[in-house]
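Below: the structure, in structure tokens.
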Amino acid sequence: MSEEAKKDLQYIDIFAKQILGKKVLANTQTLWQEEYSAGVPTGNKRTFRIYIINDGSTPDEQPVLGSPVVCIKLCKRIIEPDYPRNTLICGNKSKITHRYELVLLVEYENGNFDVITLPRNLSNRLQYDPAITKAFVDSTVIDTAGTPILQRQNQVSPNESLIIVSGGVNNYTSFEYTVSIPFSDFEPKLKHRYLDDPSLQSYILLKCFRYDADILDTFLVSTSETTSVWTTIVELTVTEDIIDKLGIDQDVIVQGKVEEYRCDY
């Protein structure tokens with residue numbers, strides 16, 4: 001660079017966010033339910049199971065089999081506004097909260113199709129509503145009173161939870177997945193002097209979304225003491241990479257020249 005060019009350079013103050021540490025939760029299941037053993041929750045994950053009502057089958061004392069499910073495609077995942085969000089807890093851990101819905105295109109053996117939105121079209125078997133219910137979940141996910149049950153994974157760090165967000169019986173708006181990541185898990189290791197910085201913030205990125213639907217057997221679900229309905233058991237797997245970046249505000253001084261745009265008039 002010539003001496004003349006150097007004379008035109010200025011010191012420019014740039015405001016930026018410095019990333020102090022990052023944690024990648026690769027191939028993370030964000031849809032699942034808690035495993036039970038002898039009626040007791042184990043704190044481990046198992047595949048999320050739903051019972052989709054067969055096409056043409058309705059609750060009855062002697063229900064017809066109807067047409068079972070033969071194929072499922074995930075059409076869309078809807079993430080609620082302002083999610084995923086993050087809370088930094090007491091200079092100790094980063095808590096990520098992620099709310100979403102799933103829209104499924106379901107094909108039946110007879111060639112008919114239907115659209116099922118999860119969790120909006122889910123119910124407990126004893127809370128069947130013909131205007132809403134298209135599939136059931138286990139009573140360990142939504143109990144017989146229609147109340148969602150918190151699912152926990154607390155056997156492996158970082159700890160996770162999942163619950164269906166409810167506005168009342170059969171008014172289920174979204175899944176809420178939560179994971180709490182200790183600051184000690186971030187790379188590089190965070191220095192203590194940064195943890196009290198008032199500008200410390202977390203940035204969440206979701207990458208590599210994947211899903212799988214395993215269609216199993218038909219199953220007769222009792223909706224009351226006298227009525228049942230035929231369903232198809234489907235196990236859904238949803239995985240993605242969750243990237244959490246912790247950063248603080250920094251001023252960066254660079255030497256350069258500000259480009260000015262001039263209007264041609």
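Does segment 109-119 contain any residue that is out of contact with any helix residue (DSSP H, G or I) (no Cβ under 6 Å at 6 or more places or on another chain), within 17 Å of PHE219 (Cβ to Cβ) and polar (S, T, N, Q)?
no
Taking VAL106 and the conditions (1) assigned to a loop (DSSP other than H, G, I, E, B); (2) over 30 Å from CYS90 (Cβ atoms); (3) over 16 Å from the mean Cα position of the chain (by Cα), which numbered condition does it fall short on, given that it satisfies the others?
The failed condition is (1).
Using the structure shown, decide if VAL179 is farther than 25 Å from ILE79 by Cα and part of a strand (DSSP E or B).
No; evaluated as a whole, the condition is false for this residue.
Out of the residues in segment 134-152 that are in contact with a helix residue (DSSP H, G or I) (Cβ under 9 Å, 6 or more places away or on another chain) and of a type in the set (A, V, I, L, M, F, W, C), which is farthest from GLN33 (Cα to Cα)?
ALA145
Hand me the list of strands (runs of 3 or more DSSP E) wholly inside segment 127-173 holding 3 or more residues that are closer than 25 Å to THR239 by Cα, in contact (Cβ under 8 Å) with a residue 40 or more places away in the chain and over 16 Å from the mean Cα position of the chain (by Cα).
Qualifying strands (runs of 3 or more DSSP E): 135-137.
The rows are residues; the columns are (1) at pLDDT below 95; (2) surrounded by 20 or more Cβ atoms within 10 Å (Cβ to Cβ).
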{"residue": "LEU88", "(1), (2)": "yes, no"}
{"residue": "ASN92", "(1), (2)": "yes, no"}
{"residue": "GLU107", "(1), (2)": "no, no"}
{"residue": "ASN124", "(1), (2)": "no, yes"}
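Mind checking whether some residue in segment 62-75 is polar (S, T, N, Q) and touching a residue at least 60 places away in the same chain (Cβ under 8 Å)?
No, the conditions are met nowhere in segment 62-75.
Do we have LYS207 as more than 30 Å from VAL103 (Cα to Cα), in contact (Cβ under 8 Å) with a residue 12 or more places away in the chain, not in a helix (DSSP H, G or I) and not aromatic (Phe, Trp, Tyr) here?
Considered against the rule, which asks whether it is more than 30 Å from VAL103 (Cα to Cα), in contact (Cβ under 8 Å) with a residue 12 or more places away in the chain, not in a helix (DSSP H, G or I) and not aromatic (Phe, Trp, Tyr), LYS207 comes out as no.
Could you grab me the full set of residues in segment 151-165 that are hydrophobic (A, V, I, L, M, F, W, C) and either in contact with a strand residue (DSSP E or B) (Cβ under 6 Å, 6 or more places away or on another chain) or surrounded by 18 or more Cβ atoms within 10 Å (Cβ to Cβ) (or both)?
Answer for segment 151-165, where residues must be hydrophobic (A, V, I, L, M, F, W, C) and either in contact with a strand residue (DSSP E or B) (Cβ under 6 Å, 6 or more places away or on another chain) or surrounded by 18 or more Cβ atoms within 10 Å (Cβ to Cβ) (or both): LEU162, ILE163, ILE164, VAL165.
Could you please find all residues in segment 209-243 being surrounded by 12 or more Cβ atoms within 10 Å (Cβ to Cβ) and at pLDDT below 95?
None; the set is empty.
THR226 - would you say it is of a type in the set (Ser, Thr, Tyr) and part of a strand (DSSP E or B)?
no
The values are calculated or read from the model by the stated rules, or taken from the named source; none is laboratory data. Remember, it's a predicted structure, so these values are computed and weren't measured experimentally. Note that each Cβ is placed from the backbone with ideal geometry, even for glycine, and that neighbours are counted across all protein chains shown.
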